[in-house]
Amino acid sequence: MRLVLHIAFGLILIGVYQNTSAQKPFYPQDADYLWPTDASHYASASFGETRSAHFHAALDVKTWGRVGYKLYATRDGILYRVARGPFGYGNVIYLKHNDGSFSVYAHMDRFTPQLDKLVDSLRWGKRVFVFDENMEKFKIQYKRGQLIGYTGESGAGPPHLHFELRTPTESPFNPLITSISIKDKVAPSFSALAIEPIDKFAKVENQKKIFVKEPRRVGKNVDFGTIDVEGQVGLAVDVFDQASGVSNVYAVYELELKVDNQLLFHSKIDSFSYAQSRQMFLDRVYGLLKSQNKGFQRLYRHDGNTLPFYKTAKPEAKLNLSEGMHQFEITARDFYQNETKAYGKLRVKQPDSLPEMLINSVVLPPKMPGQSFPENLTKWDWQNDWVKPKGDSKMLSVKLSPMDFFDISSKYQLNTKEEQVVDLKIQNSVLLESEGDRTVLYRIEPGKTKTIVTPDQMLEVQFGAKAVYDTLSLSVGYYRDEKDGELYLYVLPEQEPLQSGFTVSFLLPDSFLKPEKTAFYQYNFRYDKLDFAPANTKGKVITAKLRDFGLYRVVTDSIAPVLSNPKIVKKSGGKWTVHVEGTDNLSGIDYNKSRFFVNDEEGILEFDPELNRIVYYHPTFRPKKKNKIELVVYDFEGNKTQQIFWLTN
């Protein structure tokens, strides 16, 4: 088995992980690793799982909801890097091994006492919480099996160990390819099948939207039955794996799609580059991930996807089948070759012919932004290359030239045919009208810059050449909510991922009395909350770099953080700390600017955003019988709270 894996995976690694020096190529199968902890020999998460904005890059080891288990160096190596911080990996150690590869141990509670002292000495002078430094100059060597620290929950809870392996080029790879193993005799399970309409002719079950269907179990396999489709469609599956002895669910290692007994798609999650991590949004059905937090894995290669997972990804995997009945078979397989099959049939009929599209040079000026939202943006279904009104209503469309947007005083007659579906593969932009509501869709292409300005020049959105993975159409604007009077910006549709961010500049109305404390907050529909996006202010113009399409609220934050519930706490390593609950419901706690004193002695202010916990850390702190607790806490808009508590120990 190891020989087969060596050959299969080695073909990928040859040349990819070749060092620039004379060092031989690195093959994970040849590396022998010790299990990293005494916490357990069970995994709580696997390599390649769906995360909020990336693939999971490690094997997570279960620590039973506790902190403080021992962590060991899994191979001989030098201490390469150490970091501490409130997000991501939290307290983390990176070891570099003799072959140039790396092992990473994240979410630690603490390091060994010797390393803790060294890290404290490096960050103490500046009283900084966030620390990230290359440590090779100290030449600290670890032997295989030597203690390096203790498991914890820093950065991201609940308690567990994030155990990550990287090649010499720092690309993460699946630890199970090495000598690391878990007990697994459990086959994967299918939860649902999604069918995506891809082209403008496509329908699923006579509807032009993603169709989701749950399976019927047939023995150890499942059956999705018969599904009616028209035009070009893509299949995706919500599928998970498990292992022996635990209830945690994992990502599936391998997926195959056969249609009429022909293999069209085969993926295997062995490794990826961090530069490709956001392409998780292309491997998954982004619209379902955003709206339902469901990681449906596509059984075809989306445009712009350069991930190395796909052993077979034929163009025909985007199914454009002949009329009649077609059988499909999907195989889900874990690393230990436990597998489950899913079957189904696609009943294909030729799509109805569509009215010929007529593009006119005559333009009707668009409505000023804000007069009809959200109605004008909730009436459309659109993907990269087509748009249609929801329901049975018709629409009118007309091609716009760049200058048309500024000629808002002119009055023209719209002279075009009614259409059910509009093809967006045209130059410049399109004005759509349905039942009195108008929307402008702008065309964005990879490799080209694009600047969009609303007709009143209040809002400008700039896209760089690397902003998008694929050519797509989007709508940009702003509006005031008629109920609460709040101001919103929108860059839609949300079902498309961005490769990099875009820049938004907005001229604030005079009603915003404190522009310097005003920012954009993305509305997070999944968790019903606002996510802060920092902005720069120049006069009345605020500018921000945004990472995602969506709906953004413009909010002025003048409320300072709230502090409460101080406690003196002795940590598992024996050190004393002070905890204070700190909340700020808008911009959030600025832990870099804030300060923490106990008995007039300043310490390092640390912050746990998941628990809203502000922590006083001083390496020699010992509480007195009566303790003066003083905090100066800022949020990211500069609002300040200064408060003193007295605690008796």
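Values in this text are rule-based calculations from the coordinates and carry no lab data. Note that this is a predicted model, so its numbers are computed, not measured. For neighbour counting, all protein chains shown are included, and Cβ atoms are generated from backbone atoms with ideal geometry for every residue, glycine included.
Some notes on this structure:
- Label separation (Lys70 vs Val128): 3.4 nm, computed from points 7 Å beyond Cα along the C-beta direction.
- Between Ala275 and Asp484, full extension at 0.36 nm per residue minus the direct alpha carbon distance yields a gain of 71.1 nm.
- Ordered by the count of other Cβ atoms within 10 Å of each Cβ, fewest first, Arg216, Arg284, Arg127 give Arg216, Arg127, Arg284.
- Net length gained if the chain between Lys137 and Leu118 were fully extended (0.36 nm per residue, minus Cα distance): 5.6 nm
- For the stretch 475-531 and the stretch 536-597, distance of Cα centres in Å: 20 Å
- Charge tally around Val229: other residues with Cβ under 13 Å, Lys/Arg +1 each, Asp/Glu -1 each, net +2.
- Eligible aspartates and glutamates near Lys624 by straight Cα distance, threshold 18 Å, same-chain separation 8 or greater: Asp600, Glu601, Glu602
- Neighbour counts of C-beta atoms inside 10 Å place Ser594, Ser505 in the sequence Ser505, Ser594, starting with the fewest.
- Gyration tensor (alpha-carbon) shape descriptor, the stretch 246-316, a/c threshold 1.5: rounded
- Of all aspartates and glutamates in the structure, the ones whose alpha carbon falls short of 13 Å from that of Lys514, not counting any fewer than 8 places away in one chain, are Asp557, Glu637.
- Proximal lysines relative to Lys139, as straight alpha-carbon distance under 25 Å, when same-chain residues fewer than 8 apart are discounted: Lys24, Lys70, Lys96, Lys117, Lys126
- Spin-label model, Glu601 to Thr543: label points 7 Å out along the Cα-to-beta-carbon direction sit 4.7 nm apart.
- A Cβ-based charge dipole, computed about the Cα centre of the stretch 2-177 with Lys and Arg at +1 and Asp and Glu at -1, lands at about 380 debye.
- Pairs beyond 26 Å (Cα-Cα), from Lys213/Lys318; Lys143/Lys268; Lys203/Lys314; Lys294/Lys349: Lys143/Lys268; Lys294/Lys349
- Calculated on the alpha-carbon coordinates, the convex hull of the stretch 572-649 measures out at 94 cubic angstrom per residue.
- Each Cα pair under 8 Å and six or more residues apart adds its separation to the average, and for the stretch 492-649 the resulting relative contact order is 20 percent.
- In this calculation the C-beta distance from Lys220 to Tyr527 is compared with R0 = 60 Å, giving a FRET efficiency of 0.95.
- Nearest-0.05 FRET efficiency for Asn293 and Asp352, computed from C-beta distance (R0 45 Å): 0.80
- Cα-based radius of gyration for the stretch 500-599, normalised by 2.2 N^0.38 Å, reads 1.40.
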